[in-house]
1. For ASP488 and SER225, what does the FRET efficiency come to when R0 = 56 Å and r is the distance between their Cβ atoms, rounded to the nearest 0.05?
2. Over the stretch 251-431, what is the percentage of antiparallel beta bridges among all DSSP beta bridges, to the nearest 5?
3. Quick check: the angle from helix 153-166's long axis to the longest principal axis of the chain, C-alpha only, nearest 10 degrees?
4. Using the Cα atoms of the stretch 251-431, I'd like the radius of gyration and the largest Cα-Cα distance, Dmax, both in angstrom.
5. Students sometimes get this wrong: rank ILE471, ILE124, ILE309, ILE318 by accessible area, probe 1.4 Å, all chains present, largest first.
6. Relative to the first principal axis of the alpha-carbon coordinates of the chain, what is the inclination of helix 96-119, with its axis defined by its Cα atoms, in degrees from 0 to 90 and to the nearest 10?
7. Quick check: the distance between the Cα centres of the stretch 95-115 and the stretch 393-437, to the nearest angstrom?
8. Measure nothing but the geometry: give the 0 to 90° angle between the long axis through the Cα atoms of 293-305 and the longest principal axis through the Cα atoms of the chain, rounded to 10°.
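The values are calculated or read from the model by the stated rules, or taken from the named source; none is laboratory data. As the structure is a prediction and not an experimental result, all values here were calculated from the model. All Cβ positions, glycine included, derive from the backbone under ideal geometry; neighbour counts span all protein chains shown. What goes into the accessible areas is simple: the full protein's heavy atoms, side chains included, and nothing from ligands, DNA or RNA. Shrake-Rupley method; radii C 1.70, N 1.55, O 1.52, S 1.80 Å.
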Amino acid sequence: MSRISGHHFLNGVYQAGAGSSHETFDPATDQPVGSYRDATLEEVDAAVAAANAAQKVWWSMSALDRATALHEVATRLVERSATTGECLTREMGKPYRESNWEGGASASAFRYYAELARHDQGRIAGPAIAGQMHMTLKEPLGTIVSIVPFNFPVLLFGWQAAGALAAGNAIIVKPSELTSLTVLSLMPAFDHLPAGLVQVLTGGAAVGQALVGHEHTHGVAFTGSVAAARAVAKTAAERFKPVLTEASGNDPFIVMPSAPLDAVARGATFAAFLNCGQVCTSAERFYVHTDIYDEFLGAFVEQTKALRIGNGLDAVDIGPMASLRERDRVERLVARAVEQGARVVTGGRRPSAPTSGAFYEPTILEVSHDHEIMHGECFGPIAPVCRVADLDEAIRLANDSVLGLGANIYTEVLEEAFRAVHEIESGIVWVNTPLNDNDAVPFGGRKLTGSGRELGAEGLDQFRRSKMVMIAPRAEPDPEWFPYPDGDSFREQGS
Ligand code: NAD
């Protein structure tokens with residue numbers, strides 16, 4: 001980590017940054033792990049120029065050669081996942097099993113898009129003029145700016161980069177300030193590609209803005225909070241640049257009486273506390289049918305109390321939050337909920353051990369739907385639980401949100417599952433299978449969660465533009481051209 005601290009990855013090499021330097025800390029120990037530098041405007045210009053040059057080389061290759069190169073990226077990501085995983089756990093705290101998993105999951109998206117992108121590059125339409133060929137040709141946008149958050153830096157960069165590169169683009173990634181070294185550590189997986197095709201510029205919001213607003217970048221893939229998404233979208237709009245926006249979630253989790261207790265309690269615990277609740281699709285609001293409310297709450301508490309908290313490099317289920325600032329924010333959310341009448345069922349405090357670091361106990365609250373905590377994204381290890389009378393009430397409350405990323409329902413009644421799928425206003429619905437992804441199916445949200453999709457065929461098209469192409473086999477005059485026949489005039493036709 002010390003070797004890449006303070007560097008960018010520019011034009012195929014790690015280069016010491018010239019901008020101001022910021023120290024970063026292991027959230028499990030509060031000890032420094034390295035530093036990152038804010039990219040300067042000169043570094044931004046250099047990266048953009050290198051990206052545009054590399055993109056031309058990349059797009060001039062055959063689709064088969066690009067696919068082969070992307071399969072090689074996937075192989076290297078898997079080979080590097082232990083190294084990258086250790087770096088990720090030291091930078092933001094998640095258990096090593098989860099950090100290590102990200103490399104393989106990211107590789108899977110590269111393999112999927114390597115093949116999908118060469119399967120078709122557009123479409124031939126039935127010609128509107130006999131004998132001609134009329135088609136939609138898909139072309140890359142050019143240079144994509146990727147802005148990613150701290151919670152899944154390898155996976156989320158991988159999703160964006162796989163789609164963008166497969167579509168023929170170059171990509172410059174601006175990682176989160178909390179996970180710059182992790183993203184930098186991935187770069188050897190790309191060093192067989194044209195230099196400059198994949199680059200990393202570290203820094204804060206200003207670096208992201210400089211890249212998004214740059215005259216010579218052509219598309220943006222943003223994942224993060226609603227506030228930052230808005231700022232990015234506004235800057236991109238000045239140049240009509242297409243933006244993929246993947247912002248916050250506040251996912252409901254509905255429990256119906258037919259749900260098997262053990263499965264639903266374990267599913268709820270995983271959905272609420274994976275990565276310390278720092279998942280965009282974390283279950284953030286539990287609506288539990290009154291008939292099984294007490295049983296469910298008891299089983300949920302039992303599972304939650306069994307979670308082992310500690311340094312993510314040890315044998316634990318839950319690490320610290322990503323920073324002390326995030327832990328303090330969650331503490332304030334719980335205090336506010338209690339002030340509004342929430343009951344702390346378990347957790348609600350820092351653990352007795354470890355004593356240092358950004359640790360917070362997985363917390364279950366009994367709340368009512370009008371508490372503030374049900375109406376914003378907590379992004380921490382808090383599970384607020386609310387009793388509901390029936391599925392109608394559960395769906396009504398689930399839809400009472402300005403966000404619309406994912407939604408969960410546990411039920412073994414087919415009709416209830418169908419209703420949830422059709423009636424919940426979200427981009428994803430999981431029935432009895434929380435938080436799962438599939439490279440072949442689009443991921444994204446609606447409402448203030450954003451627009452656009454990652455993964456699936458839709459995710460590839462996010463990084464391509466369409467060109468209308470018409471070809472006549474011979475250069476012949478068209479009978480529709482001048483001069484118009486006298487018989488078509490108003491005086492001839494209208495009289
Ligand atoms: P964040 O919005 O603070 O930061 C995300 C990225 O945006 C970082 O790289 C940051 O430096 C950059 N950024 C911040 N302000 C910016 C600005 N004004 N202009 C340009 N760039 C800017 O988010 P975070 O705290 O890192 O991550 C947590 C958030 O990400 C949560 O809201 C979570 O729901 C969301 N998220 C969404 C998805 C999804 O797929 N919908 C996935 C993961 C995380």
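1. Computed FRET efficiency for ASP488 and SER225: 0.40.
2. The antiparallel proportion sits near 15 percent.
3. Computed tilt is about 10 degrees.
4. Rg and Dmax of the stretch 251-431, Cα atoms, are 15.5, 49 Å.
5. Details: ILE471 80, ILE124 105, ILE309 45, ILE318 5 Å².
The ranking, largest first, comes out as ILE124, ILE471, ILE309, ILE318.
6. 20
7. Using only Cα atoms, the two centres lie 26 Å from each other.
8. The two axes meet at around 90 degrees.
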